[in-house]
1. Taking the solvent-accessible surface of protein heavy atoms with a 1.4 Å probe, what is the per residue accessible area of the chain in Å²?
2. Given the peptides 324-332, 228-236, arrange them by the average over their residues of other C-beta atoms within 10 Å, most packed first.
3. Can you give the FRET efficiency for Thr511 and Arg340, using 1/(1 + (r/R0)^6), R0 = 41 Å, r = Cβ-Cβ distance, to the nearest 0.05?
4. Output ³J(HN,Hα) for the range 211-227: one whole-Hz value per residue in order, computed from phi by the Karplus curve 6.51 cos²θ - 1.76 cosθ + 1.60 with θ = phi - 60°, and x for Gly and Pro.
5. Can you list residues whose amide H is under 5 Å from Asn680's amide H, if they're 5+ apart or on another chain and H is modeled 1.01 Å from N?
6. Assigning unit charges at the beta carbon (Lys, Arg +1; Asp, Glu -1) and nothing else, what dipole magnitude in debye, to the nearest 20, does the chain show about its Cα centre?
7. Leaving ligands, DNA and RNA out of it, report the carbon-plus-sulfur percent of the accessible area of the range 620-760 at a 1.4 Å probe.
8. Would you kindly work out the equivalent ellipsoid of the range 25-146 from its C-alpha gyration tensor and give its semi-axes, the square roots of five times the eigenvalues, largest first in whole Å?
Amino acid sequence: MKKLSLISLGILASLHVAHAQTISSKKWADLFSYNNVLAMKEDNGKIVAAAENGIFYYTISTGEITKLSKANGLHEVKVSAFDYNPQTKIGLVGYQNGSLDVITPEGITYIVDIPIATGYNGSKKINHISITGDLAVISVGYGVSIFDLKKKEFKDSAFFLSGGLYEASNEATIFGNKVYSVTNTGLKSHEMNTTFPVFTTWTTELAGAFKHIDSEGVLSFSSANTAYVYNGGTPTPIAQSFTNVHDVVVTSGNIIVTDLSRIYTFNTNGTFNSNVTFGEECNTATRIGSSVYGGTIMSGIKNEGGTSFRPDGPYLNFAYKLSIYGDNQILVSTGARESRFNTAVINYKNPGFYYFTGNEWVHPSYFKPNTNIFNILDAVSDPVNANDVFFTNYMQDGTRGVYKMKYDPATKDFSLVKRYNMGTENDARRPVGLTFDDVNNLFVTLAFSNDGPTFGPFTAVGAYDRATDDFLIRNTAQNYGVAQKPLYYEGLLWIPTPRVNNFIAYDAKKTVNTSDDKEYILTQDNGFATTSGGTLSVAIDKSGDAWIGGDVGLRVLPNAVTEVKTPATAKVEPIIIEQNGLGEELFRDGQILQIEVDAGDHKWVSVDGGGVYYLSSDGQQTIKHFTKENSPLPTNTITDIKVDKKTGKVYFASYDGIVTYQGDVSDVTSGFGNVMVYPNPVVYSNFKGKVTIKGLAEVTNIRIVDATGNVVHSAVARGGYYEWDLNNQRAQRVASGVYFVLMTNEDGTDKATAKIAVVN
């Protein structure tokens, strides 16, 4: 059969970047939470809102919502401050690490060189931003800085240094020709003149601990329970007591005070106007016409009718493990462990797990509120009934166990079916990960199983008996091992064991009867790094080799199913790559958090603190290396990677959020799929990278010829895709023209063609 497909894709977002490279592209998308709205501004019937990991735009009249994040233009996550000028259409985003993004109609500029006072070692977090005209006053831990939005550069800074200590500016605003800053010791002010940087020349207008300030025609500021109006002279308290002021916003004709879930509006002389409650805690609020909108902590923007507006996303950004199944359905667990994977890390926001139905995100009401605290390390859907979800609660109290919940598509909610306590109510048998075998038996790995005839604690395996609706537990011979999520392959459960430098292959015989089960244990004697303290991850590739990640280094067990059953002779081997003519062990000192194999047998490897590597099938070539500095990854510590082999989409989970990358490899077989070439045409002035050809056979013979039939390039591609650098066989860039790609699979039974237009 012949296939021809030509597509034209724009690869890079249009950005203007200072001090950083362009890191986003159309291949990336975010699955961030936009529930926690930190700041809002109105622009001609549109609300521009800042959330934890991005900005979104809500058009009131149409309900249209668009978003801007690190996946399509911004350069960081963890937004800490934001302001926007509707007259100039310029916004300024501040981040917890002290960097800034300037958003203009022409593009986005990244600012990393904020002024730091000599000797200042405190937080660089941007506490607050207030824009007036073309100037912004930025509050930080050492004081305030003035930023010129037109020139995109800093002007004067005032370092609040007194008695050898720096005082933070909580918030600040420009009012008239003065900067007013609220600190924990008072309302301070200074004209923007030559002595502005000298802190001893600043005036304390009112002593006290103040947190919030804003101005537009009039200035208003607040302490925790009192708001003030100030227009020179003596600040006047507003005649309203508050419980805990979260924000003060001044608009044309209004002062809006956010007090927990209740929003108060006053006119500009402080006279009470109205109040409204949104039924949940708010960070901020604004008034547009006669309507008040709340920026909530957990529901995005809310109007007075209680309707929420925000981009669809998970409940929170915090994510640990992913389960991809069905038609684009996703389960996200939100637990964590520390102390060599021993101790539960408690998230008191109690997120539980998130569920994406394929169309929208659902957060079970069971977790909000719930007096029990959940530390969910894994959640999976039952292949027998996809609406049944099992999850593990790794805790050290009576709430730990495996839970079963049922999803109701009509109510879009989950209900609890049962908790399985694993046969004990003490802190033993903490469940970690779940998997199904190929006949739909469910297994769970357990840490610290100390119930048994011999001293423990042991790594254990639990098998779910559908007939009795309970788990049958069996301790392995692995003492003092913890456990990771098991991988099922060829009749065995493959179980990494943090805390001990071993690895378990567990044979459950495809039954839930544990009496005849058997485990095979690989130890340091089998070749794991002597400096390693445990194994953390495992993946098995198309050759049947097990790639095992440790807390120090990576090892491969060739012909894994056969070799692991003879642990006395089995050998795990490092991958040796050539560096500067010398052999070097791949990831020798890296902690390998996750390994995933795509449809083309390439490997995705997450290294703690080192981002994600995309390797050739043998690990000898690094095809891509994504970090938070050169890609939309929110952090360099990715806790999980999943590949949808049907689409090639790659999911990256982290404690700072989830992003996806549209990979080039999907459904690789011995024949061709839907062959595509991009970008096409290749215009040198717009794109200087390699041309990607995807949809190839597992092994593809490629010949690229010019219009007269001369071969300019030939290659053998493995894994379903190929990248051509536009060079000919003499390593010179080809001339402008149309080139034909002629392709056959390994045995010549399938063929495909494509065309590439090159414009130099």
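The values are calculated or read from the model by the stated rules, or taken from the named source; none is laboratory data. Everything numeric in this text was worked out from a predicted model, so none of it was measured. Neighbour counts run over all protein chains shown; Cβ positions are idealised from the backbone, glycine included. Only protein heavy atoms, including side chains, enter the accessible area calculation; ligands, DNA and RNA are left aside. Shrake-Rupley method; radii C 1.70, N 1.55, O 1.52, S 1.80 Å.
1. Working: 29850 Å² over 760 residues.
That works out to 39 Å² per residue.
2. Details: 324-332: 17.0, 228-236: 15.1.
Highest-to-lowest ranking by the protection proxy: 324-332, 228-236.
3. Numbers: r = 33 Å, r/R0 = 0.80.
Given R0 = 41 Å and the Cβ-Cβ separation, E is 0.80.
4. With the stated coefficients, the range 211-227 comes to 10, 10, 7, 7, 8, 6, x, 9, 10, 9, 8, 8, 9, 5, 10, 9, 10 Hz.
5. So Asn680 has HN proximity to Leu9.
6. Details: 64 positive and 76 negative charges, 174 e Å.
The dipole magnitude comes to about 840 debye.
7. Details: 2910 of 5940 Å².
C and S fraction of accessible area: 49 percent.
8. On the way: eigenvalues 122, 56, 32 Å².
Each semi-axis is √(5λ); the values are 25, 17, 13 Å.
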